[in-house]
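Following: one structure in structure tokens, then a few remarks.
The values are calculated or read from the model by the stated rules, or taken from the named source; none is laboratory data. These figures come from a predicted structure and were not determined experimentally. Ideal geometry is used to build each Cβ from the backbone, glycine not excepted, and the neighbour counts take in all protein chains shown. Calculation scope for accessible area: heavy atoms of the full protein, side chains included, ligands and nucleic acids excluded. Shrake-Rupley method; radii C 1.70, N 1.55, O 1.52, S 1.80 Å.
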Amino acid sequence: MSNSQGTNNRTLQESAPVFTDDFARVFKTLLTWRRDVRRFKTDPIAHGELLNILEQADLAPSVGNSQPWRIVRVRGSDARRTVAETFENENAKAASAYGEKRASLYYTLKLAGLREAPEHLAVFCDPNTHQGDGLGRQTMPETMAYSVVGMVQTLWLAARIKGIGVGWVSILDPAAIHKALNIPDTWQFIGYLCLGYPEEEHIEPELQRAGWQGRTPMSDRLFER
């Protein structure tokens, strides 16, 4: 190792931040209050604020440093209308899969804020990106999609810090989304995000408050071999 390399490594090590106990408590609060928002105000998000959130999301890790996420900001009224109609069709199909009592509860749930949210982001994975030169994904190519999901989580936290809520709409037909947004066939649809200022704030997930499904402790899902 040359002297310059050693100096650079020491500089990086010495400049690493120290995360205090106070920061750890605030971070846990952030995780606790990161909720899936479906009830939005229609107030717009400043363009600079949105870009700042996206730039922070872009700091997320990715397999082979591939950054395979592709984000489409959906602004056109026709495209948004088509997405909303797709959701309504798929939502009706999903409800029909449940028994009468469960379906009745299902219909009371608000599962998307497509009509109210001021910002819509369609998130895709480009599995054929040359960035990263295939490193780390030869045996598990699905790690490309996993990387995009990690980016979404980073975006979610960055938005929450700014008081902006995120709702992940998953009850959609990927083929219909590709067609509505004229997306390359090779891109994999990961999720559709609604962003906006929450109409109300809750520490408990909406599905828990509605009596659909509560949360269980980590100990129920931790195993040893």
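Given the criterion in contact with a Phe, Trp or Tyr (Cβ under 7 Å, 6 or more places away or on another chain) and not hydrophobic (A, V, I, L, M, F, W, C), identify the matching residue among Glu142, Glu100, Glu116, Glu85.
Glu116 is the lone residue from the list that is in contact with a Phe, Trp or Tyr (Cβ under 7 Å, 6 or more places away or on another chain) and not hydrophobic (A, V, I, L, M, F, W, C).
If you go through the range 118-164 and pick out every residue that is hydrophobic (A, V, I, L, M, F, W, C) and assigned to a loop (DSSP other than H, G, I, E, B), you end up with 3.
Going by the conditions given, is Met218 more than 24 Å from Glu85 (Cα to Cα) and surrounded by fewer than 16 Cβ atoms within 10 Å (Cβ to Cβ)? Spell out the reasoning first.
Values: more than 24 Å from Glu85 (Cα to Cα): yes; surrounded by fewer than 16 Cβ atoms within 10 Å (Cβ to Cβ): yes.
Criteria met by Met218.
Taken over the range 118-138, the criterion of being open to solvent by 20 Å² or more (accessible area, probe 1.4 Å) and modelled with pLDDT of 90 or more is satisfied by Pro118, Asp126, Pro127, Asn128, His130.
Taking the range 58-85 as the range and being farther than 25 Å from Ile45 by Cα and among the hydroxyl-bearing types (Ser, Thr, Tyr) as the test, the residues that pass are Ser62, Ser66. In the range 189-214, the residue that is most open to solvent (accessible area, probe 1.4 Å) out of those that are more than 18 Å from Arg160 (Cβ to Cβ) and assigned to a loop (DSSP other than H, G, I, E, B) is Gln213. Looking only at residues of the range 169-188 that are in a helix (DSSP H, G or I) and in contact with a strand residue (DSSP E or B) (Cβ under 6 Å, 6 or more places away or on another chain), we find that the one that is surrounded by the fewest Cβ atoms within 10 Å (Cβ to Cβ) is Pro174. Whenever a residue of the range 28-49 is of a type in the set (Lys, Arg), its partners that are open to solvent by 40 Å² or more (accessible area, probe 1.4 Å), lying with C-beta atoms within less than 7 angstrom and at least six residues away or across chains, give the pairs Arg34/Arg160; Arg35/His202; Arg38/Lys110; Arg39/Lys110; Arg39/Glu199; Arg39/Glu200; Lys41/Tyr197; Lys41/Glu199. Arg115 falls short on exactly one of the conditions (1) in a loop (DSSP other than H, G, I, E, B); (2) buried (at least 18 other Cβ atoms within 10 Å of the Cβ), and that condition is (2). The single residue among Arg137, Arg80 that is touching a strand residue (DSSP E or B) at 6+ places or on another chain (Cβ under 8 Å) and over 26 Å from Arg209 (Cα atoms) turns out to be Arg80. Screening Arg81 with (1) in contact with a Gly (Cβ under 9 Å, 6 or more places away or on another chain); (2) surrounded by fewer than 21 Cβ atoms within 10 Å (Cβ to Cβ) gives one miss only, at (1).
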